[in-house]
Amino acid sequence: MSGQGQLGGFLQTRRSQLRPQDVGLQHFGDRRRVPGLRREELALLAGVSASYYTRLEQGQQVGASPEVLDAIARALRLEEAERLHLHDLAATAKRRVSARKPPAEHATSATRDVLDALGDTPVLVSGRRSDVLAWNRMGHALFAAHLDPIAPHHPADRPNLARLVFLDPHTRELYADWPAKARAVVGNLRVVAGRHPDDALLASLIGELTMRSPEFAAMWADHRVQPCAVADYEMCHPLVGTLTVTQQSMRLPGDEQLLVVTTAAPGSPSQAALALLALLAQAGSPAAAERTPPTARNLRA
């Protein structure tokens, strides 16, 4: 997952998705060996030489200036998030990086206080590689009631949102439009991989999902970029039925941690469904507390 390889793959994929007519170039029906724009056409649109752009796409050219990258972004019709991703890829391509295993991530005590304070609002904390670092009672009840509620406390046992979306049947059935959720997960992993090409655990996760899920492999090859922000989803919960929710992901202080908050429109049937789920989760909490080992209870304290 080298920076140069990611940069070249991103440029090539985006170039292949553009047609001459999309960018105002005349097309005389000549047969093309590959789909999309030719390298020399993209270079012409960006105002750089064809040989320079070819070296950049092949990973043989590093040190492209911000102005050149912005010109290429305009030629490729990139959106703002994709333009920033291009700059991230170019920056990491300059560095010689080697895969390393980063330290385990943890939610801070202040963040855990926020989860507790939000009470009946489903909330979870996602780490850099989409590991669940913490969730409140409702976050667990909405997203993964079939899993051990204390799993996030132990790094070796933590649920991973990307694995759940692609490999867990319960999570797949939870989303009425599963492909939309899956694309969002892959798009966010692309953003993180562009910033951290040296993250050995992230590379391992991507390799695992590529091998085990053809759908992930196809979406990953598309090089789509989609930072986590705000999205609406229709969920089919096994206890409270169908509900429409808004998931908002907010960056926390630290390295790529996100606070994911789920809400429903005030006064809507979906809000009533969340309230019912809160009652069901509360009713089950004493038994869950009795099953919680002392060490896990101490972690929550």
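The values are calculated or read from the model by the stated rules, or taken from the named source; none is laboratory data. This one's a predicted model, so the numbers in the text were calculated from it and none came from an experiment. Cβ sites come from the backbone with ideal geometry, for glycine too, and all protein chains shown count toward neighbours. Side chains are part of the model used for accessible areas, which takes the heavy atoms of the whole protein and leaves out ligands, DNA and RNA. Shrake-Rupley method; radii C 1.70, N 1.55, O 1.52, S 1.80 Å.
Worth a mention:
- Condition check for residue 121 on (1) in a helix (DSSP H, G or I); (2) of a type in the set (Ser, Thr, Tyr); (3) open to solvent by 20 Å² or more (accessible area, probe 1.4 Å): one failure, at (1).
- Filter result for the condition that a residue is closer than 30 Å to residue 61 by Cα and assigned to a loop (DSSP other than H, G, I, E, B), over 149, 102: 102
- For region 114-142, residues that are of a type in the set (D, E, K, R) and in contact (Cβ under 8 Å) with a residue 60 or more places away in the chain total 4.
- Within region 200-211, residues that are β-branched (Val, Ile, Thr) reach partners that are not in a helix (DSSP H, G or I) with beta carbons closer than 8 Å, at six or more positions or on different chains, in the pairs 206/1.
- Total residues in region 172-195, condition over 10 Å from the mean Cα position of the chain (by Cα) and open to solvent by 10 Å² or more (accessible area, probe 1.4 Å): 9
- Condition met for residue 203 (within 21 Å of residue 263 (Cα to Cα) and buried (at least 16 other Cβ atoms within 10 Å of the Cβ)): no
- In region 235-264, of all residues being on the phi > 0 side of the Ramachandran plot and either open to solvent by 70 Å² or more (accessible area, probe 1.4 Å) or small (Gly, Ala, Ser) (or both), the one that is nearest to the chain's Cα centre (by Cα) corresponds to 254.
- One residue from 88, 70 being farther than 30 Å from residue 278 by Cα, at pLDDT 90 or above and either open to solvent by 70 Å² or more (accessible area, probe 1.4 Å) or not hydrophobic (A, V, I, L, M, F, W, C) (or both): 70
- Checked against (1) aliphatic (A, V, I, L, M); (2) at pLDDT 90 or above; (3) open to solvent by 30 Å² or more (accessible area, probe 1.4 Å), residue 134 meets all criteria but (3).
- Applying the condition of being closer than 16 Å to residue 201 by Cβ and of a type in the set (A, V, I, L, M, F, W, C) to region 150-165 and asking which residue is surrounded by the most Cβ atoms within 10 Å (Cβ to Cβ) yields 161.
- Selected residue (criterion: farthest from residue 39 (Cα to Cα)) from residues of region 73-85 that are open to solvent by 10 Å² or more (accessible area, probe 1.4 Å) and part of a loop (DSSP other than H, G, I, E, B): 79
- Filter pass, residue 167 being in contact with a Pro (Cβ under 8 Å, 6 or more places away or on another chain) and at pLDDT 95 or above: no
- Residue 35 fulfils the conditions (1) at pLDDT below 90; (2) surrounded by fewer than 16 Cβ atoms within 10 Å (Cβ to Cβ); (3) farther than 15 Å from residue 12 by Cα except for a single criterion, (3).
- Sole residue being open to solvent by less than 40 Å² (accessible area, probe 1.4 Å) and assigned to a loop (DSSP other than H, G, I, E, B), chosen from 93, 107: 107
- Meets criteria (farther than 18 Å from residue 232 by Cβ, among the aliphatic types (A, V, I, L, M), in a helix (DSSP H, G or I) and in contact with a strand residue (DSSP E or B) (Cβ under 9 Å, 6 or more places away or on another chain)) for residue 164: yes
- Residue match in region 227-234 (condition: open to solvent by 20 Å² or more (accessible area, probe 1.4 Å), acidic (Asp, Glu) and modelled with pLDDT under 95): no
- Within region 38-52, the set of residues being touching a residue at least 24 places away in the same chain (Cβ under 8 Å) and either buried (at least 17 other Cβ atoms within 10 Å of the Cβ) or among the aromatic types (Phe, Trp, Tyr) (or both) comprises 39, 42, 45, 46, 48.
- The single condition among (1) open to solvent by 60 Å² or more (accessible area, probe 1.4 Å); (2) in a loop (DSSP other than H, G, I, E, B) that residue 113 does not satisfy is (2).
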